[in-house]
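A quick write-up on the structure given underneath.
The values are calculated or read from the model by the stated rules, or taken from the named source; none is laboratory data. Values in this document were obtained by computation on a predicted structure and should not be read as measured data. Here Cβ is always computed from backbone atoms with ideal geometry, including for glycine, and neighbour counts include all displayed protein chains. These accessible areas exclude ligands, DNA and RNA; they are computed on the full protein's heavy atoms, side chains included. Shrake-Rupley method; radii C 1.70, N 1.55, O 1.52, S 1.80 Å.
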There are 4 protein chains.
Amino acid sequence: MKRRDFIKSTLIGVPVLSGGSFLANNQTESQEVGFSTDDRRCRLRELGIKIGALETGPHNAITDIQGVKVGHRTIVKGEGPEAVRTGVTVILPHEGNIWEENLFAAFFGLNGWGEMTGISSLEKSGRLETPVFLTGTYNVGIVYSAALKYLTALNPQMENAAPLVSPVVAECFDDFLSDTKSRQVSEEDVFEALRQAKSGPVEEGAVGGGTGMTSFGFKGGIGTSSRKVPGGFYLGILVMANTGSRDHLRMDGVPIGREIRGYQYRTEKTKSIILVAATDAPLLPYQLHKIAKRVALGLAQTGSYSHTESGDLILAFSTGNKILRNDRHPLPSIRAIDDFFLSPLYQATVEATQEAILNALTSARTITGRNGNTAYGIPLDQVVEIMKKYGRIGDRIHE
Amino acid sequence: MKRRDFIKSTLIGVPVLSGGSFLANNQTESQEVGFSTDDRRCRLRELGIKIGALETGPHNAITDIQGVKVGHRTIVKGEGPEAVRTGVTVILPHEGNIWEENLFAAFFGLNGWGEMTGISSLEKSGRLETPVFLTGTYNVGIVYSAALKYLTALNPQMENAAPLVSPVVAECFDDFLSDTKSRQVSEEDVFEALRQAKSGPVEEGAVGGGTGMTSFGFKGGIGTSSRKVPGGFYLGILVMANTGSRDHLRMDGVPIGREIRGYQYRTEKTKSIILVAATDAPLLPYQLHKIAKRVALGLAQTGSYSHTESGDLILAFSTGNKILRNDRHPLPSIRAIDDFFLSPLYQATVEATQEAILNALTSARTITGRNGNTAYGIPLDQVVEIMKKYGRIGDRIHE
Amino acid sequence: MKRRDFIKSTLIGVPVLSGGSFLANNQTESQEVGFSTDDRRCRLRELGIKIGALETGPHNAITDIQGVKVGHRTIVKGEGPEAVRTGVTVILPHEGNIWEENLFAAFFGLNGWGEMTGISSLEKSGRLETPVFLTGTYNVGIVYSAALKYLTALNPQMENAAPLVSPVVAECFDDFLSDTKSRQVSEEDVFEALRQAKSGPVEEGAVGGGTGMTSFGFKGGIGTSSRKVPGGFYLGILVMANTGSRDHLRMDGVPIGREIRGYQYRTEKTKSIILVAATDAPLLPYQLHKIAKRVALGLAQTGSYSHTESGDLILAFSTGNKILRNDRHPLPSIRAIDDFFLSPLYQATVEATQEAILNALTSARTITGRNGNTAYGIPLDQVVEIMKKYGRIGDRIHE
Amino acid sequence: MKRRDFIKSTLIGVPVLSGGSFLANNQTESQEVGFSTDDRRCRLRELGIKIGALETGPHNAITDIQGVKVGHRTIVKGEGPEAVRTGVTVILPHEGNIWEENLFAAFFGLNGWGEMTGISSLEKSGRLETPVFLTGTYNVGIVYSAALKYLTALNPQMENAAPLVSPVVAECFDDFLSDTKSRQVSEEDVFEALRQAKSGPVEEGAVGGGTGMTSFGFKGGIGTSSRKVPGGFYLGILVMANTGSRDHLRMDGVPIGREIRGYQYRTEKTKSIILVAATDAPLLPYQLHKIAKRVALGLAQTGSYSHTESGDLILAFSTGNKILRNDRHPLPSIRAIDDFFLSPLYQATVEATQEAILNALTSARTITGRNGNTAYGIPLDQVVEIMKKYGRIGDRIHE
């Protein structure tokens, strides 16, 4: 089923689903309980909605950065008060041993009340030394332990070496759909997410760490997008979206949140979004901090104003330089890009961030979880209809 | 001439101007040279375009914060290579003696390559101790000197007191329209801006420090807006806009920049925007830093991604507490607002920032300056037409 | 045995130990294995060495801040490759429920390569919402989990509330003395440290999180000190010291590290120090950030220059204002101190930080741990002798 | 006169002065008014006092970094209420055109209430684009203007280029000795300081921007020092010292301030110190930020705790990479040093900072200025006597 066909079908009020590309992102959940029948999901571009002007990478995903892999472990069990809808998503920053070959990185905390461990080290050292783990709030401790166990197993010398590593584990609060206090995530789940990590297309929506997340009043979760920039570099974003109010949601500037009818669920305070940017452009830490700030600007374009309760935490890393930990050269060779060539990367960041968040929404299916709470997947037919009304698809679709 | 009439007239292609409210903002320039005949200007709301959901203050201006005054000194002289189109805008933070009664303040530097003096002090002390001065790049030194002279004259005791004050002087680069190297701004000009400072409606566009500024490919300059928030507080923004590319410009999400036809001028790199937020909500410095970050989110909604060359510098202050310098109490009484009540202020900040920037554009007339360079006022008839095409005014105007 | 007697005895080369006050700090370890016979330990002042000019609090400890409690769980097991010398130290910030009644707080990361979780939230929110946990590197995950379990048990409403809490767990790397990979710390150990938390004198040296730490080439660990400042306020410091090179160690400016003879142990890279400042002076977050910076200045006076591998992480909190989480007032009453009264607190911070670090050294006994590695308690007789040689005790002791 | 002779002469109470090296630093002032007869001055090492363990550079000055030049313009005029004792010191960061060839740089604001302009740009861009100017508070505006005029004259293309430069002008408050409000500094004085800039030995004490400064209760001003580090790199510090209380002053840990007798002057609040670090080690901006923090640690070792009123502002730059502004390469070649090789640079920074501050004191002669106010040069005979008493020189001098 092609995009235009889908749009056409939704517009005439007779949604048809033949599977195909729309299901590609969520096959692994087919056996799971708790999903609504509204499982026609797709990525934003499959609806005919393009964000920005730059070309995407081959997979329009953070994995377009050579060597970056993403793995999910999705945990869906039970119903009622003990329903578990949670998981772990891991980003492997490169194909090698990240503890031995560090990457430059930077953190920007747009708003507090959220956890990203490892930051007290990363901000000062300018380095990423671990995979990045995304999970539910109550799982941070166990994921942290597992991450350290994983790194130790890979690097037996670590125990006698200094400095030690501080794993980057970030969280959002998934209690609306998941019985968070039961902490069903185990170290083995973390290892499984690591084993599942792969290049290529990335599953989005209600998977991995995003399984129980809600965002902008709809089902949220994992989303990703990428852009190609001059010089042949790529910039990719992966988000775990659990933030935003429905009435603020914008798509490419269209106030879509306040136009959608129905699908209201029990009001809850949404909380936090974790945003990770990766690029193969060889940026230095201070430049990655600039990228991280532009991620905030991309978030802003979705309508978020980063409310008090939201932990809006941003990490950016570059695969363009690998800094060896053990084979220490006094004068390593560093590749770099002049600041005056950064602007296309900023544009790429703003565009890909916005699209990654929207991909999380359009990809995430309706899920019913703890206490029967239901978070609805954003209704794609209405999305198409509203975007057409506001002049974004339809006539302009032939551009 | 009422808003609807104006809109109507533009839509039928017969712009009519009877003056009135549209001229209210730029009377002082009537004798000046170098303006185009396209002098129908107005504020964004007069075009029927509303940003966001919150109510504005009485003047939709930073002066809605009780005690805040704005003064302009506009300097327009000569033509050709020696044309001067520059000036000074001053914000008086309260009605008293700001050196004796400081205000809590915070700074957020979204992007470098711009100057805001006084920041090395303000960031650490959490205090604003001076008026805020906005001017062209080459005038910073003389304005700094004049500011210190002004403060010394008001506070003879200052010379024997410590700590000294560091005036806040911020700049954008107005060389496209103005012969910057001639530095036509004098200390007397600064004093005149101070004398002109007043409450109530604020002149916008090509006035004061904004006289020579361009933004988003059109004539830019000074803009302001405000919002009322629960609790009876106000939040106001004043910007000096000299940043942004035309093809990125958005109004309420509409990609208006790439839809406007004509009015292209010689390509130039635009540079910098200074944004000042004021509120009477009694915020502490760390909370004002949060406000300053939301100003960046508002800037993002205009389509800016804060390119490398842009000095995007943000100051936020609160009139809610006055900290006496000379009559030092060991335990001053501090009013405060809990963080959990900040979110409406964030929303107000994002909305007012966007609207202030757009007000600068819609208010600024076409100006021809140095070497015959012309920066066009954004064509209001096209603005209305495009916003209607994108479903923002017209049918929805009756909401 | 009085201080003078001790000094006298050490100076004549006939150390005598009758126990008493010198043992007061480490009674709980008397049953433990692995200690040398050099167990005459005492606090710095008991040696006749005073740091700075300000008066200490009653206990010369962080617990001099009303409501602050400290609890240790010390774990000493086995010998050889599997020797465990680790533990957990907890600081309860006030007597109530810290999740319901938050305190203003600030973080300053002097140097990276160390972990303090919860910082991405605390830095932005300006609040401490949890006890502070200090432990060995490999225990962070389990302590984090236990901390969240503890807070959830105390606050059943937490699971339905937002924002969630991010526990503050900080670490140093104790692998020289402890088989870190075995992770012998359990959630129960964390709960036990919480149960043990008490006011009054604080055990120092090889206790709790400090059990396996080494510092400045000697046995390190937990140390504390406090100062009284004008206005009747107190400022206290507690450190977990695992940093510094022996040849840089200074006491009150005396280069004592390079004067001490013997007691060399296998060279190792020392790693990290966690420093926590508490005060009952009602400081705002930006002021606590200033205090945290002064902690770094106090660390500098011990001779540290914060080397690359050291995670030198600083937390400061004030008990002077309690910010209620659940009974939200829109306009809470905030007590504050004018910046111009902060200088005595800065002096107190620098003095108490230096003394806390030195207390960790003089209090910590020789310990033999993993693989027979021995970290020697700094030899107190030599300390006294050297300080006398440099004119700090002896003639000047009668001042 | 050799160091040992000087020490000997001071110790036997018969100060002898034959000129020579002691005068080398202040020849240009010989014609000036207002100096006391106590003009035996020298650098710290000439008194036999060594700070730290690392070797100094050839001149023990910031000019040991290849290409760095320092120029002073000292202004001493009149007596009584109109006495002027002020000036300008300029640091040229390299031998070329700093606007065309930028250097990586970083800023650390230890404490507020001081001005360093250009920081809002430098902090974000990571670049130094201008000479560094040090002067009295009231001169900032005129020096800023002159700096921009200088840069424009050197770079005619600047006016058409973006981004513009923001000169780095830093100040301390010299009102105790100088009639600050008369602002006797002219643009020509700034140009003269630039013309005087040279390599080799640097004049210290009451020269240039330091002419009217006081520090730790004595005459302060300009001081410098350097260290050689492994790899053949140098690190140099230059300070303009106007901060610190006499009773806190330490030299190599000795509490010398409270031991010195006499030479008390009218109590005043001292205010601010500007500290500039330079190195030819090719450090990146985030690494230079680390260096800047270590400057604070060096300041701490002089006994300062950075009191509220003090503007303690730190700049660090590296000549190891030159980033071309106009001939922009998309992928410049960047030299770098691994973090694990930074520790010697940290040690160098702490040592050189301490020594630079002390050099300012020992080099600065007694000066009488405004209203007959006198700031005494620290009495060198007492310094030697006290350092001997505390075991730092004398017996240990032969080491």
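Suppose we filter A:Thr353, A:Thr366 for residues that are within 14 Å of chain B (Cβ to nearest Cβ), of a type outside the set (A, V, I, L, M, F, W, C) and either free of Cβ contacts under 8 Å to residues at least 12 places away in the same chain or open to solvent by less than 10 Å² (accessible area, probe 1.4 Å) (or both); which single one remains? Reasoning before the result, please.
Details: A:Thr366 fails: within 14 Å of chain B (Cβ to nearest Cβ).
Among A:Thr353, A:Thr366, only A:Thr353 is within 14 Å of chain B (Cβ to nearest Cβ), of a type outside the set (A, V, I, L, M, F, W, C) and either free of Cβ contacts under 8 Å to residues at least 12 places away in the same chain or open to solvent by less than 10 Å² (accessible area, probe 1.4 Å) (or both).
What number of residues in the range B:173-225 are on the phi > 0 side of the Ramachandran plot and not aromatic (Phe, Trp, Tyr)?
Taking the range B:173-225 as the starting set, the residues that turn out to be on the phi > 0 side of the Ramachandran plot are B:183, B:200, B:205, B:208, B:216-217, B:221.
Of the ones still in play, those that are also not aromatic (Phe, Trp, Tyr) are B:183, B:200, B:205, B:208, B:217, B:221.
The number of residues fulfilling the criteria is 6.
Each row is one residue, and each column tells you yes or no for (1) modelled with pLDDT of 95 or more; (2) in contact with a Ser or Thr (Cβ under 8 Å, 6 or more places away or on another chain); (3) closer than 23 Å to B:Arg183 by Cα.
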position: D:Thr74; (1), (2), (3): yes, yes, no
position: D:Thr86; (1), (2), (3): yes, yes, no
position: D:Met116; (1), (2), (3): yes, yes, yes
position: D:Ser120; (1), (2), (3): no, yes, yes
position: D:Val132; (1), (2), (3): yes, no, yes
position: D:Tyr138; (1), (2), (3): no, yes, yes
position: D:Leu151; (1), (2), (3): no, yes, yes
position: D:Ser166; (1), (2), (3): no, yes, yes
position: D:Thr180; (1), (2), (3): no, yes, no
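Taking the criterion of being in contact with a Gly (Cβ under 9 Å, 6 or more places away or on another chain), assigned to a loop (DSSP other than H, G, I, E, B) and either under 16 Å from D:Gly253 (Cα atoms) or of a type outside the set (A, V, I, L, M) (or both), the residues of the range C:363-397 that qualify are C:Arg365, C:Thr366, C:Gly369, C:Tyr376, C:Gly377, C:Pro379, C:Tyr390, C:Gly391, C:Arg392, C:Ile393, C:Gly394.
Of the strands (runs of 3 or more DSSP E) entirely within the range A:268-352, those holding at least 2 residues that are at pLDDT 95 or above occupy A:273-279, A:312-324. Residues that are of a type in the set (Val, Ile, Thr) and either free of Cβ contacts under 8 Å to residues at least 24 places away in the same chain or in contact with an Asp or Glu (Cβ under 9 Å, 6 or more places away or on another chain) (or both) within the range C:190-228 comprise C:Val207, C:Thr211, C:Thr214, C:Ile222, C:Thr224, listed in sequence order. Find the residue count for the range D:319-350, including only residues that are in contact with an Asp or Glu (Cβ under 9 Å, 6 or more places away or on another chain), among the hydroxyl-bearing types (Ser, Thr, Tyr) and either surrounded by fewer than 17 Cβ atoms within 10 Å (Cβ to Cβ) or more than 7 Å from every other protein chain (Cβ to nearest Cβ) (or both). Matching residues across the range D:319-350 total 1. Suppose the filter is farther than 21 Å from B:Val229 by Cα, within 10 Å of chain A (Cβ to nearest Cβ) and hydrophobic (A, V, I, L, M, F, W, C); does B:Ile393 pass it? No.
Looking across the range A:304-318, the residues that are more than 7 Å from every other protein chain (Cβ to nearest Cβ) and of a type outside the set (A, V, I, L, M) come down to A:Ser304, A:Ser310, A:Asp312, A:Phe317, A:Ser318.
Matching residues to (1) over 19 Å from C:Thr362 (Cβ atoms); (2) facing another protein chain (nearest Cβ under 10 Å); (3) open to solvent by less than 10 Å² (accessible area, probe 1.4 Å); (4) polar (S, T, N, Q):
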position	(1), (2), (3), (4)
C:Ile256	no, yes, yes, no
C:Arg261	no, no, no, no
C:Tyr286	yes, yes, no, no
C:Ala292	yes, no, yes, no
C:Val295	yes, no, yes, no
C:Ala300	yes, yes, yes, no
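Summed over the range D:184-214, residues that are farther than 22 Å from B:Lys149 by Cβ, open to solvent by less than 40 Å² (accessible area, probe 1.4 Å) and charged (D, E, K, R) total 2.
From the list A:Thr117, A:Thr63, A:Thr56, the lone residue that is buried (at least 24 other Cβ atoms within 10 Å of the Cβ), away from chain C (no Cβ under 14 Å), hydroxyl-bearing (Ser, Thr, Tyr) and on the phi < 0 side of the Ramachandran plot is A:Thr63.
From A:Arg261, A:Arg294, which residue is touching a residue at least 12 places away in the same chain (Cβ under 8 Å), touching a helix residue (DSSP H, G or I) at 6+ places or on another chain (Cβ under 8 Å) and within 21 Å of B:Val295 (Cα to Cα)? A:Arg294 is the lone residue from the list that is touching a residue at least 12 places away in the same chain (Cβ under 8 Å), touching a helix residue (DSSP H, G or I) at 6+ places or on another chain (Cβ under 8 Å) and within 21 Å of B:Val295 (Cα to Cα). Scanning the range A:89-103 for residues that are open to solvent by 10 Å² or more (accessible area, probe 1.4 Å) and part of a strand (DSSP E or B) returns A:Leu92, A:Glu101. Residues in the range B:230-248 that are open to solvent by less than 10 Å² (accessible area, probe 1.4 Å), at pLDDT 95 or above and under 26 Å from B:Leu345 (Cβ atoms): B:Leu235, B:Gly236, B:Ile237, B:Leu238, B:Val239, B:Met240, B:Ala241. Among the small types (Gly, Ala, Ser), more than 12 Å from every other protein chain (Cβ to nearest Cβ) and part of a helix (DSSP H, G or I), is that true of A:Ala360? Considered against the rule, which asks whether it is among the small types (Gly, Ala, Ser), more than 12 Å from every other protein chain (Cβ to nearest Cβ) and part of a helix (DSSP H, G or I), A:Ala360 comes out as yes.
Could you say whether any residue in the range A:39-60 is over 19 Å from A:Gly210 (Cα atoms) and at pLDDT below 50?
No, the range A:39-60 contains no residue that is over 19 Å from A:Gly210 (Cα atoms) and at pLDDT below 50.
Hey, does the range B:71-86 have a residue that's open to solvent by less than 20 Å² (accessible area, probe 1.4 Å) and either touching a His at 6+ places or on another chain (Cβ under 6 Å) or aromatic (Phe, Trp, Tyr) (or both)? No, the conditions are met nowhere in the range B:71-86. Of note, C:Lys388 satisfies the criterion of being out of contact with any Cys (no Cβ under 8 Å at 6 or more places or on another chain), within 13 Å of chain D (Cβ to nearest Cβ) and open to solvent by 30 Å² or more (accessible area, probe 1.4 Å). Criterion applied to C:Phe133, C:Phe173 was being within 18 Å of the chain's Cα centre (by Cα), among the aromatic types (Phe, Trp, Tyr) and farther than 16 Å from C:Arg73 by Cα, and the one residue passing it is C:Phe173.
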